[in-house]
Structure formats: structure tokens, C-alpha cells
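Below is one structure, written out as C-alpha cells; comments come after it.
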Amino acid sequence: MAIDTDKNSYTILFAIAMVVVVGSLLAFTASALKKDIAANKRTEKQQNILFAMGVTDSEDPNEFVPAEQAEDLFKQYVGDKQYIVIGNTAQKTKEAFDIEVKKESDKLKQDANYERKMPLFIGKKEGKEFYIVPMRGNGLWDAIWGYVSLDKDFKAIQGAFFDHKAETPGLGANIKESYFRDDFIGESIVDASGSYKGITVKKGNADPKNNDKTDNEVDALAGATITGDGVTAMVKKGVRMYMPYFETLKK
């Protein structure tokens with residue numbers, strides 16, 4: 001007997017069947033690619049950390065190290081100098097690499113007494129130490145994140161990397177561009193008295209070429225005030241959380 005494809009019941013059953021089939025295929029694909037996805041995330045994180053300390057592609061300083069070199073270069077420049085910071089103490093452990101800033105922030109929101117775990121990476125390049133701090137914040141439309149590396153005196157930024165989920169192309173999305181992030185290099189995070197101040201992304205900054213590295217300011221991106229404010233808040237808060245521990249290293 002022929003199937004009447006004009007009936008509503010046929011359309012509904014066909015739609016259900018397609019949903020089941022497509023859902024099953026997607027679930028299978030996600031499961032099959034799970035290890036590859038995790039490996040890619042690990043590689044990207046290593047590239048980000050290396051970028052923040054100035055380890056970049058040998059042919060283009062504005063690009064990550066090649067994915068196939070990331071693991072070896074991370075071992076070379078960072079190695080086992082990975083720490084979990086809680087308050088003013090730190091524990092050396094490779095488990096620090098797997099800590100996600102967002103998840104730790106969410107746990108603290110759910111429980112005010114939760115002891116937030118903060119990952120810290122210490123790299124060394126050409127005799128200089130880099131204290132690399134991961135951070136996360138909010139842009140205009142969605143999350144922004146990044147890594148900044150501090151000098152051994154915890155007074156200035158030596159390198160930075162920023163990224164976003166959904167900022168406006170040509171405006172807020174430009175936090176990824178070298179002309180923005182490079183302004184952070186050498187910028188002081190303390191005031192004249194040595195107290196922590198952070199860095200402000202300032203519209204109408206009187207130092208557009210960023211020659212003054214002691215004003216705690218970088219020039220804002222045109223048409224991206226809210227994203228710039230998000231970067232300001234992210235960097236100030238992100239670094240401040242580590243300062244109690246950094247103070248113990250100065251003694």
C-alpha cells in the first residue's frame with residue numbers, strides 16, 4: 001500500500017525521524033572528535049601564553065607559533081613553572097594548565113566562601129622572566145579574554161594577547177590587533193608611589209602614540225568605548241587578584 005505523503009502525520013513523523021538521525025550523527029561526530037577538540041584547545045592555550053611573553057612565529061611576530069611547535073616551545077619556555085595561586089600562596093603543579101578562569105569565577109559566584117584557584121605561568125626568554133596571568137571579562141556583546149605577562153618586579157606589562165567571542169568587526173574586535181595590544185607593552189601598572197593602579201583604555205588619551213609608559217593609560221579604539229571599558233576592567237581586576245601573592249615574592 002502506498003504511503004500518503006500529503007498527510008500531516010507523515011510530515012510530523014518524517015520531521016521527528018530527521019531530528020533523531022541528525023541528532024545521532026552530531027552526537028557521534030562530537031564524541032569521535034572529542035580528543036581532537038581537547039588537543040586543539042590545549043594547543044591554542046599554549047600559543048596564547050607563549051604569545052603573551054613574546055614567543056611568536058619566527059617569520060611574523062604578529063602570529064602564533066605554528067601549532068605543531070606549540071607543545072615543544074611551551075616546554076622550552078615555561079616547562080613545569082605552572083602554579084595555582086590562592087590568595088597569597090601558590091602551589092607548583094601542572095594541573096594549573098587545566099584551570100578555567102570562567103569556571104572558577106562561576107564557583108565563587110555560587111559560593112562566596114569558595115577559595116578561587118588562579119593559574120599562573122612563569123616563562124623565561126633571553127634571560128628575562130615573564131609572569132603570565134590569564135583573565136576574562138565582558139565586552140559589548142559577549143565575553144572577552146586574554147593573557148598579560150608582567151616583569152619580575154610586577155611593575156609593568158611585558159606582553160599581552162586579547163581575544164573575544166562576538167565583538168563588532170572593525171571596532172571592538174580590534175582588541176586582537178597588534179596596534180592595540182602592543183600599546184600595553186612596557187606600560188606601568190603602578191603609580192608614582194608604587195601602588196597598584198592597573199591600566200585604563202582611555203578615549204581621548206593625550207598620549208596617542210603611547211610614548212608615556214608611566215601614565216597607566218593606553219589609547220582607546222575608535223568606536224569601541226564599551227569594549228575598551230571591558231578590557232580596562234578585565235586587566236585591572238585580573239592582575240589585582242594576583243597582587244597579594246606577587247607582594248610575597250618581593251620580600
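To the nearest 10 Å², what's I86's accessible area with a 1.4 Å probe?
So the heavy atoms of I86 present about 50 Å² to solvent.
Based on DSSP H runs of at least 4 residues, each adding -39500 (n - 2.57), what is the mean residue ellipticity at 222 nm of the chain after dividing by all its residues, to the nearest 500 deg cm²/dmol?
Working: 7 runs with 93 residues, N = 251.
-12000 deg cm²/dmol, from helical runs alone.
Using a simple charge model, +1 on the beta-carbon of Lys and Arg, -1 on the beta-carbon of Asp and Glu, nothing else, what dipole does the chain show about its Cα centre, in debye to the nearest 20?
Details: 35 positive and 38 negative charges, 199 e Å.
In total the dipole reaches around 960 debye.
Can you match Rg and Dmax of the Cα atoms in Å to one of these, [x] 18.8, 65; [y] 22.5, 90; [z] 19.1, 61, based on a calculation from the structure here?
[y]
Scan the chain and note any complete DSSP helix (H) whose C-alpha atoms cover at least 30 Å along its axis and whose Kyte-Doolittle average is 1.6 or more. Before the final figure, lay out the partial values.
Working: long enough: 8-32 (36 Å, 1.79).
Qualifying helices, which must be both long enough and hydrophobic enough, are 8-32.
Can you give the local net charge around E129? Use residues other than it whose beta-carbon is closer than 14 angstrom to its beta-carbon, Lys and Arg +1, Asp and Glu -1. List each step's numbers first, then the result.
On the way: positive: K81, K124, K125, K128, K152, K155, K250; negative: E126, D151, D153.
Every neighbour counted, the sum reads +4.
Under a Cβ-only charge scheme (Lys and Arg +1, Asp and Glu -1), can you give me the dipole magnitude of region 158-251 about the Cα centre, in debye to the nearest 20?
Once rounded to the nearest 20, the dipole reads 360 debye.
Dipole of the chain (Lys/Arg Cβ +1, Asp/Glu Cβ -1, origin at the Cα centre): which of G139, A206, A166 lies farthest to the positive side?
So the residue we want is G139.
Springs between alpha-carbon atoms under 10 Å, Gaussian network over the chain: tell me which of Q158, Q82, Q69 tops the mean-square fluctuations.
Q69
For a test of the definition: using alpha carbon positions, the gyration tensor, and the 1.5 limit on a/c, classify region 106-251 as rounded, prolate or oblate. Don't skip to the answer; put the middle values down first.
Working: a/c = 1.67, a/b = 1.14, b/c = 1.47.
Oblate.
Largest first, what is the accessible-area ranking of E177, E59 with a 1.4 Å probe? Each step should come with its number before you reach the end.
Working: E177 80, E59 165 Å².
Descending order: E59, E177.
With the cut-off at 28 Å, tell me which of the pairs K209/K237; K165/K250; K75/K109; K41/K213; K41/K250 have Cα atoms farther apart than that. Write out the running numbers ahead of the final one.
Details: K209/K237 25 Å; K165/K250 36 Å; K75/K109 34 Å; K41/K213 34 Å; K41/K250 34 Å.
Violating the 28 Å Cα-Cα cut-off are K165/K250; K75/K109; K41/K213; K41/K250.
As a test question: what accessible area, to the nearest 10 Å², does L171 have when a 1.4 Å probe is rolled over all protein chains in place?
70
Whole angstrom only: what separates the Cα centroid of region 72-104 from the Cα centroid of region 196-219?
30
Taking amide H positions as placed in the peptide plane 1.01 Å from N, state which residues far from Q158 in sequence (5 or more) or on other chains have amide H under 5 Å from it.
Excluding prolines and chain starts, which carry no amide H, the hits are S149, L150, D151, G186.
The values are calculated or read from the model by the stated rules, or taken from the named source; none is laboratory data. Since we're looking at a predicted model, the values are computed, not measured. Glycine also receives a Cβ, built like all others from the backbone with ideal geometry; neighbour counts cover every protein chain displayed. Only protein heavy atoms, including side chains, enter the accessible area calculation; ligands, DNA and RNA are left aside. Shrake-Rupley method; radii C 1.70, N 1.55, O 1.52, S 1.80 Å.
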